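Let me begin by presenting the structure, written as structure tokens, before commenting on it.
The values are calculated or read from the model by the stated rules, or taken from the named source; none is laboratory data. Everything numeric in this text was worked out from a predicted model, so none of it was measured. A quick note on method: Cβ atoms are made from the backbone with ideal geometry, for glycine too, and the neighbour counts reach across all protein chains shown. Accessible surface is based on the protein model in full, side chains and every heavy atom, while ligands, DNA and RNA are left aside. Shrake-Rupley method; radii C 1.70, N 1.55, O 1.52, S 1.80 Å.
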Amino acid sequence: MLAALRNSAHRAWLVLMIATGITWYLGEVGAAGTWAIVAMLAIAFVKGRLVILDFMELRAAPKMWRVLLEGWLIVVSSLILLAYWISLK
Amino acid sequence: MQTMNTAAISPPQPGTAPTSPHLPGDLAIWFFILAELLAFAVFFSAYAFARASHVEEFNLYQQTLDRNLGALNTLLLITGSWFVVRAVQAAHRDDIKAVPPNILLGWLCGGGFLVVKVIEYAEKFGAGISLSTNTFYMFYISLTFFHFMHVILGMVILTVLWFQAKNGAYGGHNAHGLESGAAYWHMVDLLWIVLFPLVYVMR
């Protein structure tokens, strides 16, 4: 079990499963508004980053490709955050 | 016992970084993935900004979605991705026999996703909901269906990879094609990781 967690992909899988559970739980308790939106986007960001670095194996890729994919995640999260911020005003 | 000897000479280091920068798979697949990501970035933003001018409608109809099925599908895609990572890692340590079953398990997770999605669609379409019902459902149906098509394409790619792997195509000598297909499959997972909170949960 502990030996398996030395493999970054196995670690990523475990974190991704737990993080999905947290997002589901936030939905179950009816979390809404600024903090809920920020929390869910932060969770999605962490999850997306794990997929990019540990599943797609871009951790050791040329910098440009890491920047492009992680940049995509940052841009998408920011645009969603901006749109939700507008809706809260 | 040849594979075991090879493994003994160069011990497998799954999940550890090689020393020089290396892009897995073909360069072309990464440009294709970028194009797909850009298309979805436009759709995700369009959803979020459309919502900003229809907040009450979006909040009301979002509650009709089955969050449990959405979360279950997230778990299926993540696990499907993980099996395909295991296939790639098996190829890298030249464990040729472990490649096909892991691809198959990844494919089955994709199949599970499609079954869950069809159950969800059947419930919605059965209730008379369509693209023209309202703005929320228009986005819900088109976004999830566009993603659905990508899951199908990903499974077609996995099918090809499985046949190739069965013939021993992927191992320590060559995992290029497998890495390319795997990257696409992970992209399908990455997109759902944003789509699920956005459409099913955030309010």
Quiz prompt | Considering residues of segment A:60-89 that are within 7 Å of another protein chain (Cβ to nearest Cβ) and in contact (Cβ under 8 Å) with a residue 12 or more places away in the chain only, the residue nearest to B:A41 (Cα to Cα) | solution = A:I80
Quiz item: Is it true that A:G21 is of a type in the set (G, A, S), assigned to a helix (DSSP H, G or I) and facing chain B (nearest Cβ under 8 Å)?
Solution: yes
Quiz item: If you check B:V194, B:V201, which single one turns out to be modelled with pLDDT of 95 or more, over 19 Å from the mean Cα position of the chain (by Cα) and within 14 Å of chain A (Cβ to nearest Cβ)?
Solution: B:V201
Quiz item: What residue, among those in segment A:1-26 that are open to solvent by 60 Å² or more (accessible area, probe 1.4 Å) and at pLDDT 95 or above, is farthest from B:T64 (Cα to Cα)?
Solution: A:R11
Exercise. Name the single residue, out of those in segment B:40-50 being of a type outside the set (S, T, Y) and open to solvent by less than 10 Å² (accessible area, probe 1.4 Å), that is nearest to the other protein chains (Cβ to nearest Cβ).
Key: B:A48
Exercise. Go through (1) away from every other protein chain (no Cβ under 14 Å); (2) farther than 21 Å from A:K47 by Cα; (3) in a helix (DSSP H, G or I) and name the single condition B:F139 misses.
Key: (1)
Quiz item: Which ones in segment B:155-176 are farther than 15 Å from B:N102 by Cβ and either surrounded by 17 or more Cβ atoms within 10 Å (Cβ to Cβ) or of a type outside the set (V, I, T) (or both)?
Solution: B:N167, B:G172, B:H173, B:N174, B:H176
Quiz item: Among the candidates A:L73, A:L58, which residue alone is touching a Lys or Arg at 6+ places or on another chain (Cβ under 6 Å) and either of a type outside the set (V, I, T) or closer than 22 Å to B:Y200 by Cα (or both)?
Solution: A:L58
Self-check item: For B:V151: the one exception among (1) under 21 Å from B:F40 (Cα atoms); (2) part of a helix (DSSP H, G or I); (3) free of Cβ contacts under 8 Å to residues at least 40 places away in the same chain
Solution: (3)
Quiz prompt | Qualifying position, being within 21 Å of B:G80 (Cα to Cα) and surrounded by fewer than 20 Cβ atoms within 10 Å (Cβ to Cβ), among B:K124, B:K117 | solution = B:K117
Quiz item: Filtering segment A:27-42 down to residues that are surrounded by 19 or more Cβ atoms within 10 Å (Cβ to Cβ) and at the interface with chain B (Cβ under 7 Å from one of its Cβ atoms), which residue is farthest from B:G70 (Cα to Cα)?
Solution: A:I37
Self-check item: Meets criteria (within 24 Å of A:I43 (Cβ to Cβ), surrounded by 22 or more Cβ atoms within 10 Å (Cβ to Cβ), of a type in the set (G, A, S) and at pLDDT 95 or above) for B:G106
Solution: yes
